Amino acid sequence: MEQIPESKFEDKRSNVIEELVAQNVFKINGRQLYELSLYELMKTYTEKDQVG
């Protein structure tokens, strides 16, 4: 299996943070977005996407 460079994950993480901020989400469970892992961000992003 080919490994994806870390920068791809950082790019994805940055994009998800930007999308959440555009939806007026600045904190999740009292934590700033930049403190969260990509998994936590994606979970919130997909939940928010399904609701709205």
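Only the coordinates and a few stated rules stand behind these numbers; no lab work does. Bear in mind that the values here come from a model prediction, so they are computed numbers and not experimental data. A quick note on method: Cβ atoms are made from the backbone with ideal geometry, for glycine too, and the neighbour counts reach across all protein chains shown.
How about the stretch 29-49: which of its residues are in a helix (DSSP H, G or I), under 8 Å from the mean Cα position of the chain (by Cα) and among the hydroxyl-bearing types (Ser, Thr, Tyr)?
Going through the stretch 29-49, the residues in a helix (DSSP H, G or I) turn out to be 33-35, 38-49.
Cutting the leftovers down to under 8 Å from the mean Cα position of the chain (by Cα) gives us 33, 38-45.
Across the stretch 29-49, the qualifying residues are Tyr39, Thr44, Tyr45.
Find all pairs meeting these conditions: Cβ atoms under 8 angstrom apart; at least six residues apart or on different chains; first residue within the stretch 35-52 and closer than 12 Å to Gln23 by Cβ; second residue among the acidic types (Asp, Glu) and surrounded by 11 or more Cβ atoms within 10 Å (Cβ to Cβ).
Tyr45/Glu19
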